[in-house]
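> Sharing a structure below in structure tokens format, with a few things to ask.
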Amino acid sequence: MASGPLQVISTAIIGGRSVFAADINGDGVSDVLSASYWTDSVEWYQNLAQFNQAFSYQVTLVPSNSLTFTVSNGHSNGKYHLFHTNNVVNALFPGQGWVFGMHIPVAQVVSQGAAGLQGNPLFGGTLNSNGGSSLTIPWSVVSYLSGQTWWSVAMQLAPCLPGLYEGSAVQVVTFP
């Protein structure tokens, strides 16, 4: 899923079978690994992007009151996306998922990304001139999630590197 022009990593992969994103070299940004069946090799593509490390996302639950999603320190008037899942793999392997450390099925990324692009504020929108956004959901809606645990992550398009995203830390909320 990308909002900018296609960024080709390589055109030399023959028989690619797996692609995995993780911070391989410990610099704080996800790199890409790809495995090729035909060449029997694993390739590492180092991400040289300098991301906005201050970009942050917070989920605040006030039982019997509301749930608030807050994005801050983003790019002024930039686009952002929110992704949410109740995939329990996040509890078993925290921080090891493919979307900025969060495990989420591809179908959920596609559907939630599309909803955000269509203006559903629960899944994204445009940051204000200060690089922030906030959405509060009333308890009458949130109470339907009682007993569930959800994981959530925010991401924004990096304006200096079209097609690349900056992501927040994964947020976890358990609904009483």
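The values are calculated or read from the model by the stated rules, or taken from the named source; none is laboratory data. Since we're looking at a predicted model, the values are computed, not measured. Please note: Cβ atoms are built from the backbone with ideal geometry, for glycine as well, and neighbour counts cover all protein chains shown. Keep in mind that these areas ignore ligands, DNA and RNA; they rest on the heavy atoms of the full protein, side chains included. Shrake-Rupley method; radii C 1.70, N 1.55, O 1.52, S 1.80 Å.
> Mind checking the full-extension length gain between residue 143 and residue 128? Use 0.36 nm per residue of separation minus the Cα-Cα distance, one decimal, nm.
Once the chain is fully extended between residue 143 and residue 128, it gains 2.5 nm.
> Here's something else I'd like to know. For 43, 166, give me the order by solvent-accessible area with a 1.4 Å probe, most accessible first, ignoring ligands, DNA and RNA.
Listed by decreasing accessible area, they come as 43, 166.
> For residue 103, what accessible area in Å² do you get when you roll a 1.4 Å probe over the heavy atoms of the protein chains, rounding to the nearest 10?
Roll a 1.4 Å probe over it and residue 103 shows about 30 Å².
> Shape verdict for the range 77-176, please, from the Cα gyration tensor: rounded (a/c under 1.5), prolate (a/b greater than b/c) or oblate.
oblate
> Can you tell me the length gained on complete extension of the stretch residue 76 to residue 114, counting 0.36 nm per residue apart and subtracting the Cα distance?
11.5 nm
> While we're here: With r as the distance between the Cβ atoms of residue 58 and residue 32 and R0 = 30 Å, compute the FRET efficiency 1/(1 + (r/R0)^6) and round to 0.05.
The formula returns an efficiency of 0.60 here.
> Using a 1.4 angstrom probe, figure out how much accessible area the range 51-176 has per residue, in square angstrom, rounded to the nearest whole.
Heavy-atom SASA per residue in the range 51-176 reads 49 Å².
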